[in-house]
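The values are calculated or read from the model by the stated rules, or taken from the named source; none is laboratory data. Please read all numbers here as calculations on a predicted model, not as lab measurements. Please note: Cβ atoms are built from the backbone with ideal geometry, for glycine as well, and neighbour counts cover all protein chains shown.
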């Protein structure tokens, strides 16, 4: 939001709000339902004198907050049979386009792996995966995405003379985004938070 506005000998300010809500929007003709985005952009600006005819300030503090309802996803997890080494259903045509057959020459019979050959660490991790009644181990879940962006702008103008002025401007965005699973599914439940912040400074002189 770098602005060319500057303060003056009078105080001036503005407030603004921009709202987007799926309940107020028309449905996209190619979508089965309305979008679920909820977005608020709001803030304000204020400018005025610090020292009349010499030093002025201008401040801006906008914010952009958005939320998107969970959208469906799925993953494949092990079931009770997998933990026992039974992959006969998982390797069949019910879960694959083409049946997978484990070679009997390696000691596998009817797509079953002896428990003694299963990795203990993998078995421990599989206990923390969500349980499912799907024979292929399919688990449905959803992710909700929220984002929050804060912006700040500070500008100072100094009128050195009728022909010479100088200003400094600081612009700093800070973004926070989060993703949350719709259901608490132990190992698959994630809480991700990414923060991005930076501040830019610029000095310039104007000679009229």
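A few notes on this one:
- Test: residue in the range 182-191 that is touching a helix residue (DSSP H, G or I) at 6+ places or on another chain (Cβ under 8 Å) and either modelled with pLDDT under 85 or not in a helix (DSSP H, G or I) (or both): yes
- Selection count, the range 18-35, where residues are touching a residue at least 24 places away in the same chain (Cβ under 8 Å) and either closer than 30 Å to residue 163 by Cβ or surrounded by 15 or more Cβ atoms within 10 Å (Cβ to Cβ) (or both): 0
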